[in-house]
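Since the structure comes first, as structure tokens, the remarks are kept for the end.
The values are calculated or read from the model by the stated rules, or taken from the named source; none is laboratory data. A quick note: this is a predicted structure, and the numbers were derived from the prediction, not measured. Note that each Cβ is placed from the backbone with ideal geometry, even for glycine, and that neighbours are counted across all protein chains shown.
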């Protein structure tokens with residue numbers, strides 16, 4: 001899970017401090033990093049986009065052990081070679 005803080009170009013107008021936000025998310029084990037961005041200046045916008053895309057890929061795609069093709073984690077068999085997928089259990 002990602003937190004993307006916006007409008008970092010508005011110095012001094014932050015309603016929640018970065019420290020308070022980190023403590024809150026750490027308490028509830030919600031995210032590891034906060035990316036601060038500014039659409040006005042473009043600062044960190046591309047980095048934030050890349051982080052979100054990587055997270056989506058990690059959570060939704062897997063690589064087949066037989067043919068090395070990438071496919072959706074929801075499938076029970078590889079859509080390319082038909083190999084049955086071993087279900088990986090997520091830690092609670």
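Might you check whether a residue that is loosely packed, with under 11 Cβ neighbours inside 10 Å and assigned to a loop (DSSP other than H, G, I, E, B) occurs anywhere in segment 41-48? Break it down stepwise before answering.
Step one: of segment 41-48, the residues loosely packed, with under 11 Cβ neighbours inside 10 Å are 41-42, 46.
If we keep only those that are assigned to a loop (DSSP other than H, G, I, E, B) too, we end up with 41-42.
Yes, segment 41-48 contains at least one residue that is loosely packed, with under 11 Cβ neighbours inside 10 Å and assigned to a loop (DSSP other than H, G, I, E, B).
Is it the case that residue 54 is part of a helix (DSSP H, G or I) and surrounded by 11 or more Cβ atoms within 10 Å (Cβ to Cβ)? Yes: the conditions hold for residue 54. For residues that are under 30 Å from residue 73 (Cβ atoms) and in a loop (DSSP other than H, G, I, E, B), tally how many sit in segment 7-40. Within segment 7-40, residues that are under 30 Å from residue 73 (Cβ atoms) and in a loop (DSSP other than H, G, I, E, B) number 7. Within segment 2-33, being touching a strand residue (DSSP E or B) at 6+ places or on another chain (Cβ under 6 Å) and either without any contact (Cβ under 8 Å) to a residue 12 or more places away in the chain or under 21 Å from residue 54 (Cα atoms) (or both) holds for 3, 4, 5, 31. Is it true that residue 71 is more than 30 Å from residue 13 (Cα to Cα) and either assigned to a loop (DSSP other than H, G, I, E, B) or free of Cβ contacts under 8 Å to residues at least 40 places away in the same chain (or both)? Taking the combined requirement at face value, the residue satisfies it.
Say we look at segment 1-21 and pick out the residues that are under 23 Å from residue 59 (Cα atoms) and modelled with pLDDT under 85; which of these is surrounded by the most Cβ atoms within 10 Å (Cβ to Cβ)? Walk me through how you get there before you give the answer.
Filtering segment 1-21 down to residues under 23 Å from residue 59 (Cα atoms) leaves 1-5.
From the residues that got through so far, the ones that are modelled with pLDDT under 85 too are 1-3.
Working: 1: 10, 2: 14, 3: 16.
If we take residues in segment 1-21 being under 23 Å from residue 59 (Cα atoms) and modelled with pLDDT under 85, then 3 is surrounded by the most Cβ atoms within 10 Å (Cβ to Cβ).
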